[in-house]
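The values are calculated or read from the model by the stated rules, or taken from the named source; none is laboratory data. The structure presented is a predicted model; accordingly, all values stated were derived computationally and were not measured. With ideal geometry, Cβ positions are generated from the backbone for all residues, glycine too; neighbour counts draw on all protein chains shown.
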Amino acid sequence: MSESVRFEDKVVIVTGAGGGIGRAHALAFAKAGAKVVVNDLGGSTHGEGANASAADRVVAEIVEAGGTAVANHDSVTDGEKIVQNALDAFGRIDVVVNNAGILRDKTFHKMEDADWDLVYQVHVAGAYKVTRAAWPHMREQNYGRVIFTSSTSGIYGNFGQSNYGMAKLGLYGLTRTLAIEGRKNNIFVNAIAPTGGTRMTEGLIPQQVFEQLKPELVSPLVVYLGSENCQDTAGLYEVGGGWIGKVRWERSNGAGFDPKVGFDADDVAAHWKEIGDFEGASHPEDSLQALQAMMANLQKYAGK
Ligand SMILES: NC(=O)c1ccc[n+]([C@@H]2O[C@H](COP(=O)([O-])OP(=O)(O)OC[C@H]3O[C@@H](n4cnc5c(N)ncnc54)[C@H](O)[C@@H]3O)[C@@H](O)[C@H]2O)c1
């Protein structure tokens, strides 16, 4: 395989690519030779309104630079239309970058159903709809790359973002299972938790830092994860400001009790330090590995 990351004859959908981080992804994929579907509904950060000019402007930029792209103005909640657009324009779909997103920040005690639902609809249902529509084509051609956009607000939590955090970590749950299901068809699925100075973060990050967190500093990772060169799946990467790191689960060795004798809350209290002690912790990579500690505990007390 060639060292350079190139996309000749490959078709890439980037959702929410009319601005911010998605625009940077679309430009970077086009520069690497991909045919790009630039999707954007063109609404506000709060998910209100629509405007075709956002996607159109990015397509014009790509074409101006000698690249190939078409605009799509559907909401990601109509994901099948976006995939159909890719098929109509370019005849195939190789990479889906689920990037579109909105915010409806509120503390949980002020959260309304509409804020909860809309954030779920755009981030989770939208990413599901686009990916679900692309999936059969990827299976059939025995090739595909999917990238989901998570967030540190989901991984670690963030004040006022219960709806957003729920959606963003939900996407990593989706990543893990699609990576398992897609592997045999050479479909690799990864997630990123980006940080970028965009309209979404304007006013939330000190201006001097905001200016340094250029959206285009997120895209090289996404282009790599979207390429044939990348042979890793199920990963979660934090990225921004020129830095990239990988996140994984870590689990303590825990405490074991005799399941036949039983135990109570006092026993839990007595072993609380041990349960939370990460000295010599393990890093399970799948449910089977995760179950091993529990099975070992059953075995330890079996027949006693
Ligand atoms: N900027 C950050 O620091 C940061 C941090 C963590 C996660 N993210 C995530 O990165 C992604 C990009 O965010 P951004 O900072 O570039 O924000 P942004 O607002 O600049 O870009 C999001 C784009 O998505 C589009 N969009 C919204 N709803 C849509 C829908 N229903 N259908 C199609 N397009 C839609 C918007 O029109 C917009 O162009 C989002 O998923 C966001 O949650 C961003």
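I want to confirm something. Restricting to the stretch 118-158 and keeping residues that are of a type in the set (D, E, K, R) and closer than 20 Å to ILE192 by Cα, which single residue is surrounded by the most Cβ atoms within 10 Å (Cβ to Cβ)?
Taking the candidates together, the pick is ARG145.
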Assuming VAL12 fulfils every condition listed in (1) assigned to a helix (DSSP H, G or I); (2) of a type in the set (A, V, I, L, M); (3) more than 13 Å from the ligand (Cβ to nearest atom); (4) closer than 24 Å to SER151 by Cα apart from one, which condition is it?
(1)
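For the structure I just gave you, tell me whether ASP232 is surrounded by fewer than 16 Cβ atoms within 10 Å (Cβ to Cβ) and within 21 Å of THR131 (Cα to Cα).
It is true that ASP232 is surrounded by fewer than 16 Cβ atoms within 10 Å (Cβ to Cβ) and within 21 Å of THR131 (Cα to Cα).
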Subset of the stretch 250-293 [loosely packed, with under 14 Cβ neighbours inside 10 Å and either in contact (Cβ under 8 Å) with a residue 60 or more places away in the chain or in contact with an Asp or Glu (Cβ under 8 Å, 6 or more places away or on another chain) (or both)]:
PHE278, ALA281, HIS283, ASP286
With (1) over 13 Å from VAL70 (Cβ atoms); (2) surrounded by 16 or more Cβ atoms within 10 Å (Cβ to Cβ) as the list, and SER4 as the residue in question, which single condition is left unmet?
(2)
What tally of residues in the stretch 50-74 results from selecting those that are within 8 Å of the ligand (Cβ to nearest atom) and among the small types (Gly, Ala, Ser)?
1
Is there any pair linking a residue in the stretch 125-146 that is polar (S, T, N, Q) to one that is within 15 Å of the ligand (Cβ to nearest atom), with Cβ under 6 Å and at least six apart or on different chains, and which?
THR131/VAL96; THR131/VAL146
Just to be sure before I move on: is ALA100 in a loop (DSSP other than H, G, I, E, B), at negative phi and within 15 Å of the ligand (Cβ to nearest atom) in the structure I sent?
yes
Six or more apart or on different chains, Cβ atoms under 7 Å: show the pairs whose first residue is in the stretch 149-168 and closer than 16 Å to ALA191 by Cα and whose second is surrounded by fewer than 16 Cβ atoms within 10 Å (Cβ to Cβ).
GLY165/GLY157; GLY165/ASN158
Give the residues of the stretch 180-213 that are in contact (Cβ under 8 Å) with a residue 60 or more places away in the chain and assigned to a loop (DSSP other than H, G, I, E, B), sorted by residue number.
GLY196, THR198, ARG199, MET200
All positions within the stretch 70-99 that are among the small types (Gly, Ala, Ser) and over 23 Å from the mean Cα position of the chain (by Cα)
ALA89, GLY91
What number of residues within the stretch 103-158 satisfy the criterion of being among the hydroxyl-bearing types (Ser, Thr, Tyr) and outside any helix (DSSP H, G or I)?
6
Select, from ALA54, ALA60, ALA100, ALA50, the only residue that is out of contact with any Gly (no Cβ under 9 Å at 6 or more places or on another chain) and among the small types (Gly, Ala, Ser).
ALA60
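Could you say whether any residue in the stretch 15-23 is within 23 Å of the chain's Cα centre (by Cα), part of a helix (DSSP H, G or I) and at positive phi?
yes
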Does the stretch 98-117 contain any residue that is of a type in the set (Ser, Thr, Tyr), surrounded by fewer than 17 Cβ atoms within 10 Å (Cβ to Cβ) and not assigned by TED's automatic domain parsing to the domain that holds VAL218?
no
Output the residues belonging to the stretch 186-205 that are out of contact with any Phe, Trp or Tyr (no Cβ under 8 Å at 6 or more places or on another chain), modelled with pLDDT of 95 or more and more than 8 Å from the ligand (Cβ to nearest atom).
PHE188
Does the stretch 26-49 contain any residue that is crowded, with 17+ Cβ neighbours inside 10 Å, on the phi > 0 side of the Ramachandran plot and within 9 Å of the ligand (Cβ to nearest atom)?
yes
Name the single residue, out of those in the stretch 114-128 being within 11 Å of the ligand (Cβ to nearest atom) and small (Gly, Ala, Ser), that is nearest to the chain's Cα centre (by Cα).
ALA127
